[in-house]
Amino acid sequence: MTNFQKRITTSAIILPLSFFFLMQGGYALLSFLFLIFFLGTFELVSTFKKKSTILFLDLILILSLYSIYYLAESGEAAFTLLLWAIILCICSDVGGYVFGKIFKWKKLTRISPKKTFSGVLGSFIFSLLSLILINNITFKATILNFFEVKYFFLAIILSLVAQAGDLTISYFKRKEKIKDAGKILPGHGGIFDRIDGLMFVIIVTIIFYKLNIIP
């Protein structure tokens, strides 16, 4: 089985499982988030050597998991924003991969050699598709209208945050001279390899929510 096939198979299992616990909420979601925390922390301690790196990444993980639980349990609007943030990260990631493969533009940075300017553009474009997806998914089920102009700007901002988060984790891995943060997820690497951008997006999303920028 190729690495790409492993990625597809792992994603086909993880995504439905994650959405299942999100929909369940309560103690089921809390237990799932604790599992991610313990696996992520184990991954950090066993892979990274610098204590400052471990503490920083563990703090980001804790803040993101808390943000997920808070948004999931704070009513319909907050839960919808959480779903959008997750879908946006997936779209941004897919867009970066697809455009990066099709259009061989200049490399973006030495931190992550596979990142290209075409990938950045693809991430921005696909992040806008998340607005169509979330609007269709939640149609008649929520008062939020993701076709409002502000959400187009927010989609670009959150996509930028996701890409910056990805590069941040890549930076720490490069400092440690490692390719993956772990081996828990076949085809993806470790927990931090899969949720690198999502952690930062979720934290920014809850900040926007608390500041009443969204909804």
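The values are calculated or read from the model by the stated rules, or taken from the named source; none is laboratory data. Predicted model only: the values in this text are computed from it and were never measured. For neighbour counting, all protein chains shown are included, and Cβ atoms are generated from backbone atoms with ideal geometry for every residue, glycine included.
Quick notes
- Test for Ile143: is it more than 24 Å from Phe38 (Cβ to Cβ), over 15 Å from the mean Cα position of the chain (by Cα) and at pLDDT below 85: yes
- Within region 87-107, the set of residues being out of contact with any Leu (no Cβ under 7 Å at 6 or more places or on another chain), assigned to a helix (DSSP H, G or I) and either over 30 Å from Phe48 (Cα atoms) or not aromatic (Phe, Trp, Tyr) (or both) comprises Ile90, Ser92, Asp93, Val94, Gly95, Gly96, Val98, Gly100, Lys101, Ile102.
- Every condition in (1) modelled with pLDDT under 90; (2) more than 21 Å from Phe79 (Cβ to Cβ); (3) out of contact with any Gly (no Cβ under 6 Å at 6 or more places or on another chain) holds for Phe152 except the one numbered (1).
- Identity of the residue in region 4-37, of a type outside the set (A, V, I, L, M), closer than 22 Å to Tyr69 by Cα and over 18 Å from the mean Cα position of the chain (by Cα), that ends up surrounded by the fewest Cβ atoms within 10 Å (Cβ to Cβ): Tyr27
- Search result, residues across region 44-76 that are within 16 Å of the chain's Cα centre (by Cα) and acidic (Asp, Glu): Asp58
- Whenever a residue of region 46-65 is over 16 Å from Lys177 (Cβ atoms), its partners that are of a type in the set (S, T, N, Q), lying with C-beta atoms within less than 6 angstrom and at least six residues away or across chains, give the pairs Asp58/Thr41.
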